[in-house]
Protein chains: 2
Amino acid sequence: MKYFEDVQVGDVMRFGRYEVTREEIVEYARQFDPQPFHLDEEAARASMFGGLIASGWHTGAMFIRMVVEHMTPVHATSGAMGFDDLKWIRPVRPGDVLSMESEIREKIESRSRPDRGTVKIESRISNQRGEVVMSLVSLVIYLRR
Amino acid sequence: MKYFEDVQVGDVMRFGRYEVTREEIVEYARQFDPQPFHLDEEAARASMFGGLIASGWHTGAMFIRMVVEHMTPVHATSGAMGFDDLKWIRPVRPGDVLSMESEIREKIESRSRPDRGTVKIESRISNQRGEVVMSLVSLVIYLRR
């Protein structure tokens, strides 16, 4: 397990493989983000996006799925406080295969809680062509050894 | 419809009613954020949260659902570029009823695209006791008249 002491500013982790399906895009949109360009191929083709795209919040859900599968089992984290600077850079479309790269940007010791610290992690989610589709900076709580 | 010209810094909108169920918390967690305190009541009771809580990204999904139901039909928006300063402030639990308050914080004209502008909107999502559970600042694209 990697604790607060074990992660260093500049460390880069690459992980994840998320296959984006049309069915999942539409299912998520029906439940949470029912806008025409997330729901319906015809309507999406007539929109500025030129075809069906995933809800940005769905891409966020894919991000946390990759984090929980690959980072949570090996990093001694205790949830996140939030994030900064989330950017939706390019559309995510059916058939895309996403992966991600996370870089440790800053370590902040806690004065009030000596058993933990906050780590700023910048993540970039890319598609199968290496194009970044979303980036964000997470504020993650790490336990100390 | 409210266009870029029609929204003013300081405008406040209050809307939404989202009933959070145990079933939906567990279903979302199974698909996207399978951590014990989102999945299993027993495990959650033993965790620092003392009971089942919704994934923070699920709370984000509830936010976009309320926005699409109540704001998108009456504001001439064209999607969002991203978010700043998202904070998960308090746990969201089964039985909670969420609503939200959004305030126009800044209007930014586009030099390259005279038909649109960006509006910074700060939103606070609260539970039935009026406690803020999540806040964030959205960068929303508005069309001009």
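The table below gives the values:
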{"quantity": "Residue in the range A:4-19 that is out of contact with any strand residue (DSSP E or B) (no Cβ under 8 Å at 6 or more places or on another chain) and of a type in the set (A, V, I, L, M) present", "calculated": "no"}
{"quantity": "Residues of the range A:80-105 that turn out to be facing chain B (nearest Cβ under 8 Å) and either touching an Asp or Glu at 6+ places or on another chain (Cβ under 9 Å) or not basic (Lys, Arg) (or both), as a count", "calculated": "8"}
{"quantity": "Residues that are facing chain B (nearest Cβ under 9 Å), of a type in the set (A, V, I, L, M) and not in a helix (DSSP H, G or I), drawn from the range A:26-65", "calculated": "A:48"}
{"quantity": "Any chance residue B:19 is within 16 Å of the chain's Cα centre (by Cα), open to solvent by 30 Å² or more (accessible area, probe 1.4 Å) and more than 19 Å from residue A:68 (Cα to Cα)", "calculated": "yes"}
{"quantity": "Output for the range A:96-119, where each listed residue is assigned to a strand (DSSP E or B) and open to solvent by 60 Å² or more (accessible area, probe 1.4 Å)", "calculated": "A:105, A:106, A:107, A:108, A:109"}
{"quantity": "Filter result (part of a strand (DSSP E or B) and open to solvent by less than 20 Å² (accessible area, probe 1.4 Å)) within the range B:120-139", "calculated": "B:121, B:123, B:125, B:133, B:134, B:135, B:136, B:138"}
{"quantity": "Tally, over the range B:66-79, of residues that are open to solvent by 20 Å² or more (accessible area, probe 1.4 Å), away from chain A (no Cβ under 11 Å) and assigned to a strand (DSSP E or B)", "calculated": "0"}
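The values are calculated or read from the model by the stated rules, or taken from the named source; none is laboratory data. None of the values given here were measured: they were computed from a predicted structure. Because the Cβ atoms are built from the backbone with ideal geometry, glycine has one as well, and the counts that use them run over all protein chains shown. Just the protein is used for accessible areas: all its heavy atoms, side chains included, with ligands, DNA and RNA removed. Shrake-Rupley method; radii C 1.70, N 1.55, O 1.52, S 1.80 Å.
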